[in-house]
Amino acid sequence: MSDLKVAIAGAGGRMGAANIRAVANTPGLILHSAFDRPGSPAIGRDAGEAAGLARFDIAIGDDPEAALEGAEAIIDFTAPTVSVLLSELAAARGLVHIIGTTGCSKEEDWAIAKSGSAGARIVKTGNFSLGVNILQGLVRQVAAALPDYDIEVLEMHHNKKVDAPSGTALMLGHAAAEGRGVDFDANAVRSREGHTGARINGNIGFATLRGGNVIGEHTVMFVGETERIEIAHRATDRGMFAAGAVRAALWAKDQPPGFYDMADVLGFKE
Ligand code: NAD
C-alpha cells in the first residue's frame, strides 16, 4: 500500500514542527505539503528545515486549498476557526483530519463533528498522549469510587498558550463528571476570583498556571476530610503529542467517515 499523503496545518508553530518530524519518521506516512497563515514568518521556508531536519523541497505555503490538492490527510494543531474551516475542506474531499487544536467553543466542536458526518474522518482530542488518555480512565474510576471527595484540576503551561483551562484539563474534568454521573457544565468552576463563597459540594474546580516553556502539566486532586489523592501527568517533549497524532492518522485512514477521539484510536472504548 502507498504511503498516506499528509498536509501539515500550522507548520510554522511549535506543534507543526513536531508533526513534520513525526510524519518524516513514521513508516506509512509521507509529507505532502505544509502551510501556515498568510503573513506568518514561516511562509516560503522549507518544511524540513523549519522542523530542524534536512531540506525536503516542500515550501510552507499560505493557501490551504492548494496544500490539500492531492493530500489524503491533514494534521492540524492551529486555532479553533481554522480547524472548523479545514474540517469543511476535509469533508468535501473525504480526508483524514487529525485535530489537536484546543479552546473550541461548543458551536465550533459541533461544526467539526458535522464535518465528520459529511465525509471527513476526524480524530479530535485535547491531548494526543497515551499517558493522558490512560489518566482519563483512572480519573473516571476514582471519581466514581470517592463520591464525597472534592475534585480540583490544576494545570500549568508555557507563557504563549492562549486558552484556559487547557483542553486536557477540561478532558480530565469531563472524565470526573462521567465517573460521578453528573453534568459537567452544571458543576464545573473554570476559575475563581473575589468573594466566591464556600465551595459548593460536587463542584469540579480548575486552576490555571502559565509560565516559561512548560509543555503541559496536569494534576487531578481528590480531596477528602483526612486524605488527598493526586493523579498527575507531566509532558516533557511535544514529540509525544505528535506521535499520538500520526498514530491517529494511520488508524483513521481505514475508518468510515465520522468523528472520533483518542479512546477510539487506542481501543479504550467498549
Ligand atoms: P503555535 O502558536 O506555536 O502554532 C499554531 C500555528 O498555527 C502557528 O504557526 C500559526 O501561525 C498557525 N495558524 C494560525 N492560523 C492559521 C491558518 N489560518 N492556517 C494555517 N495555520 C495557521 O501553537 P502550538 O503550541 O503549536 O499549539 C497549537 C494548538 O495545539 C493549540 O490550540 C494548543 O493548545 C494545541 N495543542 C494540543 C495538543 C494535543 O495533544 N491535543 C498538544 C499541544 C498543543
Task: Residues located in region 2-19, provided they are under 16 Å from the mean Cα position of the chain (by Cα) and not in a loop (DSSP other than H, G, I, E, B) - done: I8, A9, R14, M15, G16, A17, A18, N19
Open item on the list: Please count how many residues of region 228-270 are free of Cβ contacts under 8 Å to residues at least 40 places away in the same chain, of a type outside the set (K, R) and closer than 17 Å to V132 by Cβ.
Closed with: 5
TODO: For region 187-196, state whether one or more residues are of a type in the set (S, T, Y) and in a loop (DSSP other than H, G, I, E, B).
DONE: yes
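Can you tell me which of N213, N187 is at pLDDT 95 or above, more than 28 Å from A243 (Cα to Cα) and open to solvent by 10 Å² or more (accessible area, probe 1.4 Å)? If you could, list the steps in order and put the result at the bottom.
Values: N213 fails: more than 28 Å from A243 (Cα to Cα).
On inspection, the qualifying residue turns out to be N187.
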TODO: Quick one: in region 74-116, of everything that is open to solvent by 20 Å² or more (accessible area, probe 1.4 Å) and assigned to a loop (DSSP other than H, G, I, E, B), which residue is farthest from the ligand (Cβ to nearest atom)?
DONE: G94
Open item on the list: Criterion first (within 27 Å of A235 (Cβ to Cβ), of a type outside the set (S, T, N, Q) and over 21 Å from the mean Cα position of the chain (by Cα)) does R192 satisfy it?
Closed with: yes
Task: For S33: the one exception among (1) within 14 Å of the ligand (Cβ to nearest atom); (2) buried (at least 18 other Cβ atoms within 10 Å of the Cβ); (3) outside any strand (DSSP E or B); (4) more than 19 Å from the chain's Cα centre (by Cα) - done: (3)
TODO: Test D57 against the stated conditions and say whether it is on the phi < 0 side of the Ramachandran plot, charged (D, E, K, R) and either crowded, with 20+ Cβ neighbours inside 10 Å or away from the ligand (no atom under 14 Å from the Cβ) (or both).
DONE: no
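The values are calculated or read from the model by the stated rules, or taken from the named source; none is laboratory data. In this text the structure is predicted, and so the values were computed from the model without any measurement. Ideal geometry is used to build each Cβ from the backbone, glycine not excepted, and the neighbour counts take in all protein chains shown. To get the accessible areas, we keep the full protein, side chains included, count just its heavy atoms, and leave off ligands, DNA and RNA. Shrake-Rupley method; radii C 1.70, N 1.55, O 1.52, S 1.80 Å.
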